[in-house]
Structure formats: structure tokens, C-alpha cells
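To start, the structure itself, in C-alpha cells.
The values are calculated or read from the model by the stated rules, or taken from the named source; none is laboratory data. Nothing here was measured: the structure is a model prediction, and the numbers come from that model. Glycine also receives a Cβ, built like all others from the backbone with ideal geometry; neighbour counts cover every protein chain displayed.
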Amino acid sequence: MDLFLALELIALALSGLLVWHSASTRGAAFTCMFFLGGAFLGLARENVVAQVAALNLYSYSPAAFHLWVGAAPLILMVFWSYAIYLALTFSEIIVGGNLISGRRRVWVLLMSMLFMAAYACLNEAFASMYPMVLWKFKPALTIWGGTPAMVLWGYAGMALIFLPATLLVFKLRIRIVYRVMIFCASVIVMIPLHLLWIAIFRLATSAIG
Amino acid sequence: MNSRDKRPNFFIREIPLLVLLVFWVIYAGIEVIRGRFDILTSVIPTGLFIIAYIIVRLVAKEQKGRD
């Protein structure tokens, strides 16, 4: 079996474990909302980024990935919720907080952003080897393998946008099915916010470059 | 009884650590094989989180044992 296909399947299986963890420790309502919303966000965002040329960001290498949904690899269906769920869980344990109940919420959020930046280091160093991502622009600031430095900022920003959105929708006093639908629909707000977050970094670093 | 009322077993509780460790080892392993191993970018940042997580878990266990 191709190494990359094996990795895609392992990632899907590990995501299943995270869903199990979430359902056991946070309940079915949170789990449905978080992972379905993450799937919508991943597939919608990456299709937008890969297909809208005006954004001038990146597309995914057809040589690396095997399973696709439109212009986005299938693995993106679980990638963002997977990464943010790890960020949330590690941060809650480390700072002794809880995003939903409100205990040390700001610290949980900040630590989650830091975790996402750290995870970006691991993931993007790996991604630059194949390469998994084909960059469409020449970045002003690069890190290992020519990867734009904005990826650290971008990953952190995803936690900053996704987690408060999760909290906001989860706290609504309506039936869970409506909360899930609202959260999935909220990706149309989250995606432009995240693209704006990245644009701020690109604008700031273009002056340096 | 709600599933959250019961404390999950050790395996379920530590799934996030297991998942991160599996990916951490796979990524670093493949980078070593392909000669692109970069300890600073690949291993240290996430590794610090893993160490912090384990320390917090151990300290909590120690305190629980004392109580």
C-alpha cells in the first residue's frame, strides 16, 4: 500500500478515536456539533482556497493525496476538527480549565492557539517534504522547506475563530439538531474571518519582505 | 445514567495523548527516513506540549494519591 494512502487511513482511524473520546467525556451533543462543523469547515475552506485563484494561496498536490472531495483532499474533512480537538483537550488539561464551563477560558483559548502553532511546525515540516501543498505565491517570510511563516499564524487563528464559535453556538438554548445546523452554517462566517486573519499577516510581512 | 456521569477508563481518557504520540512518531520517523529530520521544527514544539501534559497528569495523580 502506498505510504501516503496508509497515512490518510491512519488519520481517519485516529479521528474516530478522538470522536469516541469526545463522546465519552464531553457528550454526544458537543461531539456532533464539533466534528460535523469541523468537517464542513475543512472541506468548504480548502475547496475555496484551492479553487478561488484571486486568493493566491495554495492548492493540494494531486501526486500526494489519493482521496478527494472536489479540490480538497478527503483528509481535510477531519483535519481541522482533529487538530483543534487535540489543542482544546491538551490546553484544558495543562491549564486546568474548561472552555464550556468557563473555568480559565481565556487561558484555554490562548494555550490552544499556541498548541496549534506548535502542531503547525510538526505538520508543515512534514508537508513540505512531499510536497503536500503547492504554494501559489512567493512568501516574504519562510521557514523550513520554503513554507510561508504565516502557517503558524494561520493555525493559531483557526483555534481563535473555531473555539469561540463552538462555545457561542453550544450555549444556545435550542435543540441540539438546530445547534449542529447553525454551527455547520457558521462556516460561511468562519472562512472569511480566517482568510482575513491570514491576509493581515501577509500584509504585515510584505513590508518586511 | 449519562455517559459523562461515569469516569471513562484510562484508555479512553488518554486517547488524545495516544493520537498525538502516534502522529508525532510517524512524522518524525518518515522525516528521518527521508533525510529531512529537523528536531527544532518537527519535534520540540509539539514535544513540549506532550511533556507538559504528562507532567500535569502525573502531578494530579500524585495529589489524588495523597488525598
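Some observations on this one:
- Positions within segment B:15-30 being more than 9 Å from chain A (Cβ to nearest Cβ) and within 14 Å of the chain's Cα centre (by Cα), in sequence order: B:LEU21, B:VAL25
- Scanning segment B:5-14 for residues that are within 8 Å of chain A (Cβ to nearest Cβ) and either basic (Lys, Arg) or buried (at least 18 other Cβ atoms within 10 Å of the Cβ) (or both) gives a single hit, B:ARG13.
- Taken as a whole, segment A:65-73 holds no residue that is assigned to a helix (DSSP H, G or I), in contact (Cβ under 8 Å) with a residue 12 or more places away in the chain and not small (Gly, Ala, Ser).
- Given (1) away from every other protein chain (no Cβ under 14 Å); (2) modelled with pLDDT of 95 or more; (3) over 14 Å from A:ALA159 (Cβ atoms), index of the condition A:ILE93 fails: (1)
- Condition met for B:ILE33 (β-branched (Val, Ile, Thr), under 30 Å from A:TYR130 (Cβ atoms) and under 11 Å from the mean Cα position of the chain (by Cα)): no
- Checked against (1) surrounded by 15 or more Cβ atoms within 10 Å (Cβ to Cβ); (2) in a helix (DSSP H, G or I), B:LEU48 passes all but condition (1).
- Taking the criterion of being within 16 Å of the chain's Cα centre (by Cα), touching a residue at least 24 places away in the same chain (Cβ under 8 Å) and more than 7 Å from chain B (Cβ to nearest Cβ), the residues of segment A:112-131 that qualify are A:SER112, A:MET113, A:LEU114, A:MET116, A:ALA117, A:ALA120, A:ASN123, A:GLU124.
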